[in-house]
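Engineer: Dropping a structure here in structure tokens format, bear with me for questions.
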Amino acid sequence: MSSTATAAPECGGPKTSWPEVVGLSVEEAKKVILKDKPDADVVVLPTGSPVTMDYRPNRVRIFVDTVAQTPHVG
């Protein structure tokens, strides 16, 4: 586990954020999150997407904004 991993409040609760996945591929980020929180519903969205404000304890949103390959017609 990375030394930058974030746990919930000092009471030792479950992890609530994953700053160590910034810069990883979506698949690698999902693996890290699901290792820490196997019941997570990981949702991948473009940065700036509108999202609901409801709180779901099992939902983890990953926001992405990089085009990985050249888009082609066809």
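Engineer: On C-alpha positions alone, give me the angle between the axis of helix 26-36 and the longest principal axis of the chain, in degrees, nearest 10.
Structural biologist: 10
Engineer: How much of THR66 can a 1.4 Å solvent probe reach, expressed as accessible area in Å² and rounded to 10?
Structural biologist: Accessible area, nearest 10 Å²: 120 Å².
Engineer: Which value in nm describes the separation of the simple spin-label points at GLU28 and HIS72, placed 7 Å from the Cα toward the beta carbon?
Structural biologist: Reported label-point gap for GLU28 and HIS72 is 2.5 nm.
Engineer: Which whole-number percent of Cα pairs in the chain have a distance greater than 18 Å?
Structural biologist: Values: 1271 of 2701 pairs.
In whole percent, the long-distance tail amounts to 47.
The values are calculated or read from the model by the stated rules, or taken from the named source; none is laboratory data. Just so it is clear, the structure is predicted and the values come from calculations on it, not from any experiment. Note: ideal-geometry Cβ built from the backbone for every residue, glycine included; neighbour counts use all protein chains shown. Heavy atoms of the whole protein, side chains included, go into the accessibility calculation; ligands, DNA and RNA do not. Shrake-Rupley method; radii C 1.70, N 1.55, O 1.52, S 1.80 Å.
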